[in-house]
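Here the structure comes first, spelled out in structure tokens, and everything after it is commentary.
The values are calculated or read from the model by the stated rules, or taken from the named source; none is laboratory data. Values in this document were obtained by computation on a predicted structure and should not be read as measured data. Neighbour counts are summed over all protein chains in view; Cβ atoms, including those assigned to glycine, are modelled from backbone coordinates with ideal geometry. Areas reflect the complete protein model, heavy atoms only, side chains present, ligands, DNA and RNA absent. Shrake-Rupley method; radii C 1.70, N 1.55, O 1.52, S 1.80 Å.
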Amino acid sequence: MWKHIAANALTLGVVVIACIAGIVQIGKTRWASPGPLAEATFFEVPRGATMRQVSERLEAEGIVSSGSIFRIGTNYAERGDGLKFGTYEIPAGASMPEVLEIVTAGGQSVFPYSVTYVIRQQGPEVRVRERVPGQPEVIEIATYDAGEERPEEFEALLERGVPITWRVSVAPGLTSWEVIEGLKSVDILGGDEVPVPPEGTLAPDTYEVARGSEVGDLVGRMREAQERILADAWANRAPGIPIETPEEALILASIVEKETAVPDERRRVAAVFANRLDTGMRLQTDPTVIYGITRGEGPLGRAITVRDLRGQTPYNTYVVDGLPPTPIANPGAEAIRAALNPEETDYLFFVADGTGGHAFAETLAEHNANVAEWRAIEAARGATEGN
């Protein structure tokens, strides 16, 4: 009899163990398998939320198949206390490990709506956009010049209180005065008026900001970013370049930034100026002449004259040797890297080629031929416009 009971108990134990193993295997399969989410979506992790609350909402919103399995998996991965509050984009079919990585890794919040204040040469512009999760394209809601009345569509979003990502985007090549003037139009920023920082010390980029934050904090972030970029580029500079200090690198980078908007040309333009510095030639670059006249406080507003080219300013590289005393704008990271890693060429000249880029030359004769070609292009354009 006892043998019979023991045999039954053993059989039952085996069955229980098999059932548990099966349940564990099912759990593992559901944990690692693609999730049930049919289309990408935004998911918010509120500040102070617990993993239980988040897992239940993930299941309720159809992002994971089981909140319980998700919670067990997070504990097994020892990430149960790693939630980062914010709004995140969850891709379609995301597995539970992928969802866990998203909600615990943190990073910038991704809201369906964004408002970007673009600081640019033509004047600040405000762009209001909607982003559909899972789609690379954005929907334009409104675009208007800063200082104008807000469009009704934008006002409607504000009245609804929808989550919005606020950004300030600063274009490369602006002077520090232009940046500070542009920031005055960013009506979501507060704080005291900020003095104009030294030229070249602001990193052009797109910065996420909080509504109501201080403009001085943003300027501080821009200065810190430029310091990091310059330090990294300086540490990785090419050997033998005629640049002796990081400050000189920033000066040359600002000239490169103003001379070309074509990414592939930056290192070539930098090479022209490096070769001129090596050979003792004057840089003879128009942007420095303009800066000597305006001191960065807005565009010149007219063509450069012969008198300008002969003007006695520290920035007129037609009459002074070497680099100007300071940067003439705020260069972007790529221009800084180009200044410190120029192409290995023998080019000493360049001129516009009519396509938005430049024609480069090693000799004055080649350069004069390129200049003649450019003048012919200008003359043809003038004749067309006149008709």
Look through Y315, Y347 and report the one residue that is farther than 30 Å from V170 by Cα, in the same structural domain as A253 (by the TED database) and surrounded by 15 or more Cβ atoms within 10 Å (Cβ to Cβ).
Y347
Out of all the residues in the stretch 186-209, which are open to solvent by less than 60 Å² (accessible area, probe 1.4 Å), more than 21 Å from G147 (Cβ to Cβ) and free of Cβ contacts under 8 Å to residues at least 60 places away in the same chain?
P197
Among the residues of the stretch 203-221, how many are among the charged types (D, E, K, R) and assigned to a helix (DSSP H, G or I)?
2
Can you pull out every residue in the stretch 350-360 that is open to solvent by 20 Å² or more (accessible area, probe 1.4 Å) and in a loop (DSSP other than H, G, I, E, B)?
D353, G354, T355, G356
Those helices (runs of 4 or more DSSP H) lying entirely in the stretch 222-333 with at least 3 residues within 22 Å of I180 (Cβ to Cβ) and at pLDDT 95 or above
246-259, 286-294
Verdict on Y144 being at pLDDT 90 or above, under 22 Å from V209 (Cα atoms) and among the hydroxyl-bearing types (S, T, Y)
yes
Do we find a residue being touching a Pro at 6+ places or on another chain (Cβ under 9 Å), of a type outside the set (S, T, Y) and open to solvent by 70 Å² or more (accessible area, probe 1.4 Å) anywhere in the stretch 324-340?
yes
Is there a residue being without any contact (Cβ under 8 Å) to a residue 40 or more places away in the chain and of a type in the set (F, W, Y) anywhere in the stretch 296-315?
yes
Of all strands (runs of 3 or more DSSP E) fully inside the stretch 53-168, the set with 3 or more residues that are of a type in the set (V, I, T) and open to solvent by 20 Å² or more (accessible area, probe 1.4 Å) is 138-145
All positions within the stretch 334-345 that are part of a loop (DSSP other than H, G, I, E, B) and charged (D, E, K, R)
E343, E344
